[in-house]
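Chemist: This is the structure I have questions about; it appears just below.
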Amino acid sequence: MRKLIFAINTTLDGCCDHTKFYPDEETMPYFVRLTRDADAFVYGRKTYQLMVPYWPDAAKEDPSDEFAQAFDAVKKIIVFSQSLDNPTEEKTRIVHTGLQDEILKLKQEPGKNILTGGVTIPSQLAELGLIDEYHFVVHPIVIGEGRRLFEGINLQEKLQLKLVESTVFNSGVVVLRYLKQ
């Protein structure tokens with residue numbers, strides 16, 4: 001069965017609002033590896049519109065941009081949205097309902113890992129117990145405002161995770177990789 005991996009940049013105070021801080025150059029190779037090991041993305045509308053068409057356009061403009069190339073090579077993008085009707089990319093499919101059923105079906109298909117990012121959809125996926133791995137890329141800053149990690153999550157029971165890897169970059173960024181127990 002394919003793994004669903006949630007990967008996100010966050011600050012020490014849990015801010016994951018991309019408008020409040022920017023990842024450093026050391027984190028990009030990490031995200032390139034994660035993206036190359038995936039062949040599907042699962043996003044909500046906001047994250048989708050943040051990522052597409054930006055990264056596909058960047059891949060066309062700069063063939064040396066490894067992340068853009070890895071992003072553009074992913075075969076399938078599933079977007080859960082109540083307001084979006086038309087995808088901007090051929091490989092994108094908009095889904096309006098059935099998050100759990102859609103993810104369970106996607107995990108059964110042959111292929112590489114499935115990546116998700118953002119706040120709303122990953123929070124819903126965590127509530128449903130569908131995320132297999134969590135990758136938190138923690139930047140050594142405190143913002144004090146902005147969208148927070150797992151904002152508004154409503155768990156039936158505690159989510160137990162097991163730390164299986166930690167990596168510290170020269171910049172002080174720490175990557176924490178957890179598996180669902």
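Chemist: In segment 1-14, what residues are within 17 Å of Val175 (Cβ to Cβ) and not in a loop (DSSP other than H, G, I, E, B)?
Modeler: Once the filter is applied, which keeps residues that are within 17 Å of Val175 (Cβ to Cβ) and not in a loop (DSSP other than H, G, I, E, B), segment 1-14 yields Ile5, Phe6, Ala7, Ile8, Asn9, Thr10, Thr11.
Chemist: A further question on this structure: Can you confirm whether segment 59-69 contains a residue that is more than 15 Å from the chain's Cα centre (by Cα), of a type in the set (Lys, Arg) and more than 19 Å from Val175 (Cβ to Cβ)?
Modeler: For segment 59-69, residues more than 15 Å from the chain's Cα centre (by Cα), of a type in the set (Lys, Arg) and more than 19 Å from Val175 (Cβ to Cβ): present.
Chemist: Which of the strands (runs of 3 or more DSSP E) found entirely inside segment 43-136 contain at least 2 residues meeting this: surrounded by 15 or more Cβ atoms within 10 Å (Cβ to Cβ), among the β-branched types (Val, Ile, Thr) and in contact (Cβ under 8 Å) with a residue 60 or more places away in the chain?
Modeler: 113-116
Chemist: Next up: Taking the stated definitions as given, is Ser123 at negative phi, touching a His at 6+ places or on another chain (Cβ under 9 Å) and of a type in the set (Ser, Thr, Tyr)? Steps first, answer last, please.
Modeler: Values: at negative phi: yes; touching a His at 6+ places or on another chain (Cβ under 9 Å): no; of a type in the set (Ser, Thr, Tyr): yes.
For Ser123, the condition - at negative phi, touching a His at 6+ places or on another chain (Cβ under 9 Å) and of a type in the set (Ser, Thr, Tyr) - is not met.
Chemist: Can you find, within segment 18-30, the residue that is farthest from Lys112 (Cα to Cα) among those that are open to solvent by 30 Å² or more (accessible area, probe 1.4 Å) and either in contact with a strand residue (DSSP E or B) (Cβ under 9 Å, 6 or more places away or on another chain) or in a strand (DSSP E or B) (or both)?
Modeler: Kept after step one, since they are open to solvent by 30 Å² or more (accessible area, probe 1.4 Å), are these residues of segment 18-30: 18-20, 22-26, 28-29.
Now narrow it down to the ones that are either in contact with a strand residue (DSSP E or B) (Cβ under 9 Å, 6 or more places away or on another chain) or in a strand (DSSP E or B) (or both): 18, 20, 22-24.
Working: His18: 27, Lys20: 32, Tyr22: 28, Pro23: 25, Asp24: 27 Å.
In this case the residue turns out to be Lys20.
Chemist: Within segment 141-162, can you find the residues that are under 21 Å from Glu26 (Cα atoms) and either open to solvent by 80 Å² or more (accessible area, probe 1.4 Å) or out of contact with any strand residue (DSSP E or B) (no Cβ under 6 Å at 6 or more places or on another chain) (or both)? Walk me through it before giving the result.
Modeler: Initially, segment 141-162 is screened for residues under 21 Å from Glu26 (Cα atoms), giving 141-143.
Across segment 141-162, the qualifying residue is only Val142.
The values are calculated or read from the model by the stated rules, or taken from the named source; none is laboratory data. All values derive from a computational prediction rather than experimental measurement. For neighbour counting, all protein chains shown are included, and Cβ atoms are generated from backbone atoms with ideal geometry for every residue, glycine included. Protein only, heavy atoms only, side chains kept; ligands, DNA and RNA dropped before computing areas. Shrake-Rupley method; radii C 1.70, N 1.55, O 1.52, S 1.80 Å.
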